[in-house]
Amino acid sequence: MTTPPLAILVLAAGQGTRMLSRLPKVLHRIANRPLIEHVLTTAAALAPDRLIVVLAPGMTDVAAAVNAAAPEAETVVQAPALGTGHAVAAARTALAGFAGDVLVIFGDTPLLTPTSLQALLAERRRSPGAALAVAAMRPAAPEAYGRLVLDTDGGLAAIVEAKDASPAERAITLCNSGVMVIAGEVLFDLIDALRPENAKGEYYLTDIVAIARRRGLACRHVEASAESLLGVNSRADLALAEAALQQRLRAAAMASGATLVAPETVFLSADTRLGRDTVVGPFVVFGPGVTIGEGVEIPAFSHIVGATVGDRAIIGPFARLRPGAELGPEVHIGNFVEIKNARIEAGAKANHLTYIGDAVVGARSNIGAGTITCNYDGFTKSTTRIGSGVFIGSNAVLVAPVAVGDGAYVAAGSVITGDVAPDALALARGRQVEKPGRAAAWRQARAAARTQREKP
Ligand code: UD1
Ligand code: MG
């Protein structure tokens, strides 16, 4: 049997009113990636012949996110948003002439996996083919989900929305995930029969089940984990989805050879890459765009965003790597050190209390405690170039644009405003002055004055 062509329809035109947000629901993020991007990545993994996203008018930011995540996706506009069935109808023209399976998924269901979608497609296609198949789940809190009403023989009879359900139907624990595959040849006939006669006055996609059954067509369901089918409708759901995805990402990081000492305290982004034998301590946060090499040590409480870290480097504890930090192998970045838009070459060290921004630090250079690159004058950013094998003494201030040549020394406490030649020693601080005995004399004078005051 040849597999029929596949179109995936992603519904994302809803207002997401329960989020109470100015941001469209599907642009809210988990693991630092918009919900819609998670859904599209999973959809693209099935290599569909068509990928269509249904948006509301004016959702230009969502359209941009769609284009970034899946450039092959088409978008169609649903106006106004009159329900999930109406949203499918909005794709009618785009799907004209398409013969195959139409898989409907929601933009607010970010934890879907390609495997669970494949199982659903297989269920519809299983001989004799059904008109449609629905992905079902048994969530801990079924509340707002639609309920699946089954026949005595286990076939799917209807889906009843929570707001329209009788007490007996509300007691059903088998719930609709919103993921449904429908045979293309019957889809729009069923959609045309929808009526908005329900609590919300909407065209419910879920009603096509009962309509199909009235026409003698078979409907089926497959159960999958409630976690993978979680729908985000509120901020609380968003937090649940974040927690579930973090668990997946931590498990994947460990499965690929990284050690997470206390995995439940480590926060990863969807694109975080950790090399083998890298050890991540407790309470480390990885923002987007981070690639960490092999054998790297990241002790507790470090915050890393948009950074690349070479093999066997040590980052932290309490280090902050910001976007554009590029660290070579065996670099050491210690506590309360912040690196932004700077390349730190192999074996260089900045171990304590330092800010390095818009800079290059050459191989094996040592940056003393408290060193600051002054990269910003209130108008423009300028670059600090430090060669290799340089020693910057503690509490130095490097006022950019400035360059320090290979092998140079900068004395502690210097304010460096001009370039330093290779192998030179630069001192830029007040010369020390010593007054012999002056401290003791001052102390004696103060003590005498106090004795005078305290006399009766
Ligand atoms: C829907 C299902 C419910 C299921 C639940 C699973 C229906 C009628 N109900 O309810 O059975 O248990 O999902 O999470 O299908 N959308 C549009 N246009 C619209 C309305 C919605 O594109 O006019 C999109 C939304 O952007 C969202 C998705 O469809 O991505 C689902 O809409 P939502 O309002 O969240 O439906 P639920 O009430 O969650
Ligand atoms: Mg929903």
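The values are calculated or read from the model by the stated rules, or taken from the named source; none is laboratory data. The model shown is predicted, which means the values in this text are computed figures rather than measured ones. All Cβ positions, glycine included, derive from the backbone under ideal geometry; neighbour counts span all protein chains shown.
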When residues of region 179-217 are limited to those that are among the basic types (Lys, Arg) and in a helix (DSSP H, G or I), the one farthest from ligand 2 (Cβ to nearest atom): ARG214
Count - residues of region 1-43 that are farther than 22 Å from LEU82 by Cα, away from ligand 1 (no atom under 15 Å from the Cβ) and not in a strand (DSSP E or B): 8
Residue that is crowded, with 18+ Cβ neighbours inside 10 Å and more than 17 Å from VAL179 (Cα to Cα), where the choices are ALA94, ALA43, ALA73, ALA63: ALA73
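Let's see how each residue does on (1) β-branched (Val, Ile, Thr); (2) surrounded by 10 or more Cβ atoms within 10 Å (Cβ to Cβ); (3) in a loop (DSSP other than H, G, I, E, B):
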| position | (1), (2), (3) |
| --- | --- |
| ALA428 | no, yes, yes |
| GLU434 | no, no, yes |
| ALA441 | no, yes, no |
| ARG450 | no, no, no |
Inter-residue pairs, beta-carbon under 8 Å, first over 23 Å from HIS28 (Cα atoms) and away from ligand 1 (no atom under 11 Å from the Cβ) and in region 221-234, second at pLDDT 95 or above and part of a loop (DSSP other than H, G, I, E, B), 6+ apart: HIS221/LEU174; GLU223/ARG138; GLU223/LEU174
Test: residue in region 161-178 that is under 31 Å from the mean Cα position of the chain (by Cα), away from ligand 2 (no atom under 16 Å from the Cβ) and of a type in the set (A, V, I, L, M): yes
Residues (near ligand 1 (Cβ under 10 Å from one of its atoms) and polar (S, T, N, Q)) located in region 75-98: GLN78, THR84
Flag for LEU112 being within 16 Å of ligand 2 (Cβ to nearest atom), at pLDDT 95 or above and either farther than 28 Å from GLN15 by Cα or assigned to a loop (DSSP other than H, G, I, E, B) (or both): yes
Positions within region 99-134 being over 23 Å from PRO34 (Cα atoms) and within 16 Å of ligand 1 (Cβ to nearest atom), in sequence order: VAL102, LEU120, LEU132, ALA133, VAL134
Residue satisfying all of: in region 287-314; outside any strand (DSSP E or B) and acidic (Asp, Glu); surrounded by the most Cβ atoms within 10 Å (Cβ to Cβ) among these: ASP311
Count - residues of region 168-197 that are touching a residue at least 60 places away in the same chain (Cβ under 8 Å), within 16 Å of ligand 1 (Cβ to nearest atom) and aliphatic (A, V, I, L, M): 7
